[in-house]
There are 2 protein chains.
Amino acid sequence: MAEIKKIKPSLPKGTRDFLPQEVAKRNYIFDTIKSVFRKYGFQQIDTPAFERLETLTGKYGEEGDRLLFKILNSGDYLKDAPYAELQAKNSSAITRHISEKGLRYDLTVPLSRYVVQHQSELTFPFKRFHIGPVWRADRPGKGRYQEFYQCDADVIGSTSLLNEIELTQIYSEVYSKLGMDVTIRLNNRKFIDEFLTRAGITDKKTEVTTLIDKLDKVEWSGEKGIAEQIKANGVSDEQLGLLSKTLFDTSYDELKATFSEAVVAEIDYVMSRVGHLANVQFDPTLMRGLDYYTGMVWEVKPNNVQMGSLGGGGRYDNLTEMFGGRDMSGVGISFGVERIYDVMEELNLFPATLIESTKVLFVHFDEASEAYAFDQLQKVRAQDIASEVYPGKKKLDKQMNYANDKKIPYVVVIGGDEMASGKLTFKNMSNGQQDKLTIDEIIERLKPLPASPKGR
Amino acid sequence: MAEIKKIKPSLPKGTRDFLPQEVAKRNYIFDTIKSVFRKYGFQQIDTPAFERLETLTGKYGEEGDRLLFKILNSGDYLKDAPYAELQAKNSSAITRHISEKGLRYDLTVPLSRYVVQHQSELTFPFKRFHIGPVWRADRPGKGRYQEFYQCDADVIGSTSLLNEIELTQIYSEVYSKLGMDVTIRLNNRKFIDEFLTRAGITDKKTEVTTLIDKLDKVEWSGEKGIAEQIKANGVSDEQLGLLSKTLFDTSYDELKATFSEAVVAEIDYVMSRVGHLANVQFDPTLMRGLDYYTGMVWEVKPNNVQMGSLGGGGRYDNLTEMFGGRDMSGVGISFGVERIYDVMEELNLFPATLIESTKVLFVHFDEASEAYAFDQLQKVRAQDIASEVYPGKKKLDKQMNYANDKKIPYVVVIGGDEMASGKLTFKNMSNGQQDKLTIDEIIERLKPLPASPKGR
């Protein structure tokens, strides 16, 4: 660090630092989700932040390719770039000559590569979860970042609907543990197909389902409504009537009566196991991820907050095909942790104790009391109680500020009297109460209550 | 995903996937370290994977600049690149025109930026820890990766030696909790300075200390020994004699007697608090990180394995200067988690139970017994016991293989008899013992023992 050029500290747009209290809250969300994943037998994996560009490109459409962060090759990277394209400043043609790696765009394509690559080392059905950052060169905006976390659980290599049932249970359990009021809507891709066929819509299925999928943002009727837009796809008034009747006027039981047995059986089986969960709801209008999903689909939204999807997922059939893997069906769900954070913050759902860093701070007046405090601290730490002594000589109010700022709930004040008597001043920072206690009595007060059997 | 091009799955060189059992072991290391950091009042922060190149370049020397992974700008990135340099294929001149971001190279420069940028939001002394991947475009090799984790704890804004003492305690406690036999060597940069002055070596201090730092790899005497190399720096035989006497023949107490009071006081104070720890050792030959450190320095090595440093650190004074921050002293330690993993693997130090994913697997023979198993499973999960039912209809031996592969310790077999009697076959997979038990009896067997007061 010979020549230090002073620069103003700042971050690339669309990225964030996390303060200690933010990390504590994010960890609370991650830990809650992980504990449920593990309870259901899912195991954590990890993959590198960057993949070969060959692995990533073509998987997310043209838009996705454009949003991939590409890493410049090391060394003399221009050496083999063609002169003509350089001269033409043809950025898109040059990229493949100067970049071989890209930051991962999601956790699904890496999973696909991983499953094929490590096939012989994995236990199938492979129940894995993966939590980590992904990167997209998207225009940053409110709630939209270039670096954000994804949090996925998938089962690979099993077509059993038990997986669909358990993933629904996981959704229900996680949001309930987080204290969030949500609706978990589910539907089946096959149901959607038959649904349109029954309405006589066979030609422009994709277009029509994409439109129905927008129903929570756009009204059905009106000049720019979904109905008009569907009609613009050549759907007749009669077909549209059938469609709207099915969408809005028909009960679950009535709907089922009109569908083929195989399709109804799938939904019935899943709903028979999860239908009793208060926040789970069959929703025939849920279309989600058309090109990708082939069976059950999920979407989760908060009930009392204006906010997009907090999670989604579905069953897919071609996960490993692109890497030459044998045909394996997969089904998975995803938690939108960034939005979960925002909702919990807005509704004040984080436990207040999260921010507590240590249980107690020892403060002191001089070298002798600092040394005495340090010795007492060792006894507290020997009980595995998180604790601190203020490092260095500062005025008492500065030391108390430190406790306040770090939300440390108790302070032990050590002065001459305390050292002489062995009775230390133990102060409760939330109500100001002070007691004179021995260090053993203090330890008793600080010890955590015995863990309840439900505790993590 | 219209056109799927099949490609062979592979990773960029120098990067790794992690299998579930590897993630479990890595988490064990991270969790152990985190629990100790938290016990001592350190709080976790996070920063983005990439930083502005301006933040990173010039901080790690020329070699470091070369090893930074640079991210290609989005869009038409060649637009403003100068023609002449493109035509000359001058890679190094072009880089700054086509790349503004780089992957972080360590966690220290991001800390430095973070502290200045968030100064008003942080509590000082700022005790933070940070665990995360960093990236270096290094030539990959055995134990050397392009993506690897760093794990740092630092105190910013306090010159108190209590921090040095506590960081030494943290080292001692973490390695002891991991069951690792290590030596934690410490020294003081000021001691080193005076040490050389006393030997009459004032001119080429940096060169000589760098040589002494190699003492654990290169012999002192011999044709290519350190002594000869020191002499080549213009050090006289007499000076060399004084130096070698101090290095090899003088006890700690004798050494202290010859040094200035201020320097001795620092070491004495720290050693008086940590000298009783079995694995802590004052080592006057430890030179570590010359350009950077200004006070105490640490280095940790394993005792019975051929392996480099497992951790190191020290006090530094100019952390925030490069970002225009007010003068703040810092002191920190780092854990070499990748090497810790390798040593623990080699010495078989990971607890066997780590690999256990779930406690019990329910297996079944047909649809009816699967449904029955699913209902029993709900009772087990209601007790927060991690458990699974095999999803789908497979032969019993396939289902048992699943339990074996996932190291699930117990299996419950459900067949017609079990459903009729309510007495389920409970099999211990490690010794093969089978019992007929009700689901309530099974739950009692599976319940974890009450946590000991020392348990995490």
Test set (1) open to solvent by less than 30 Å² (accessible area, probe 1.4 Å); (2) within 24 Å of A:F124 (Cβ to Cβ) - B:K395 fails condition number | (1)
Segment A:352-385, subset in contact with a Leu (Cβ under 9 Å, 6 or more places away or on another chain) and in a loop (DSSP other than H, G, I, E, B), residue least open to solvent (accessible area, probe 1.4 Å) = A:I385
Segment B:398-409, residues that are open to solvent by less than 50 Å² (accessible area, probe 1.4 Å) and either facing chain A (nearest Cβ under 9 Å) or hydroxyl-bearing (S, T, Y) (or both) = B:Y402, B:K406, B:I408
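Within segment B:10-22, track down each residue that is more than 7 Å from every other protein chain (Cβ to nearest Cβ) and assigned to a helix (DSSP H, G or I).
B:Q21, B:E22
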Among the residues of segment A:150-167, is any touching a helix residue (DSSP H, G or I) at 6+ places or on another chain (Cβ under 7 Å), open to solvent by 20 Å² or more (accessible area, probe 1.4 Å), under 28 Å from A:L53 (Cα atoms) and assigned by TED's automatic domain parsing to the domain that holds A:R315?
-> no
Assuming B:K217 fulfils every condition listed in (1) without any contact (Cβ under 8 Å) to a residue 60 or more places away in the chain; (2) buried (at least 21 other Cβ atoms within 10 Å of the Cβ) apart from one, which condition is it?
-> (2)
Check B:V235 against each of (1) open to solvent by 20 Å² or more (accessible area, probe 1.4 Å); (2) in a loop (DSSP other than H, G, I, E, B) and name the one condition it does not meet.
-> (1)
Inside segment B:209-232, the number of residues satisfying the requirement of being under 21 Å from B:N187 (Cβ atoms) and of a type outside the set (S, T, Y) is 14
B:K59 in contact (Cβ under 8 Å) with a residue 24 or more places away in the chain, farther than 30 Å from A:Y410 by Cβ and within 7 Å of chain A (Cβ to nearest Cβ) = yes
Hits in segment B:121-144 (condition: modelled with pLDDT of 95 or more, over 20 Å from A:E22 (Cβ atoms) and open to solvent by 30 Å² or more (accessible area, probe 1.4 Å)) | B:R136
Members of segment B:430-448 that are within 14 Å of chain A (Cβ to nearest Cβ) and of a type outside the set (D, E, K, R) = B:I443, B:L446, B:P448
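Under the condition of being touching a Gly at 6+ places or on another chain (Cβ under 8 Å) and in a loop (DSSP other than H, G, I, E, B), which residue from segment A:113-135 is nearest to the other protein chains (Cβ to nearest Cβ)?
Ranking the qualifying residues of segment A:113-135, first place goes to A:P125.
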Within segment A:196-213, identify whether any single residue is among the polar types (S, T, N, Q), open to solvent by 10 Å² or more (accessible area, probe 1.4 Å) and within 14 Å of another protein chain (Cβ to nearest Cβ), and answer yes or no.
-> yes
B:F259 vs. criteria in contact with a Pro (Cβ under 7 Å, 6 or more places away or on another chain) and open to solvent by less than 50 Å² (accessible area, probe 1.4 Å) | no
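The values are calculated or read from the model by the stated rules, or taken from the named source; none is laboratory data. What you see is a predicted model; the values in this text were computed from it and never measured. Note: ideal-geometry Cβ built from the backbone for every residue, glycine included; neighbour counts use all protein chains shown. What goes into the accessible areas is simple: the full protein's heavy atoms, side chains included, and nothing from ligands, DNA or RNA. Shrake-Rupley method; radii C 1.70, N 1.55, O 1.52, S 1.80 Å.
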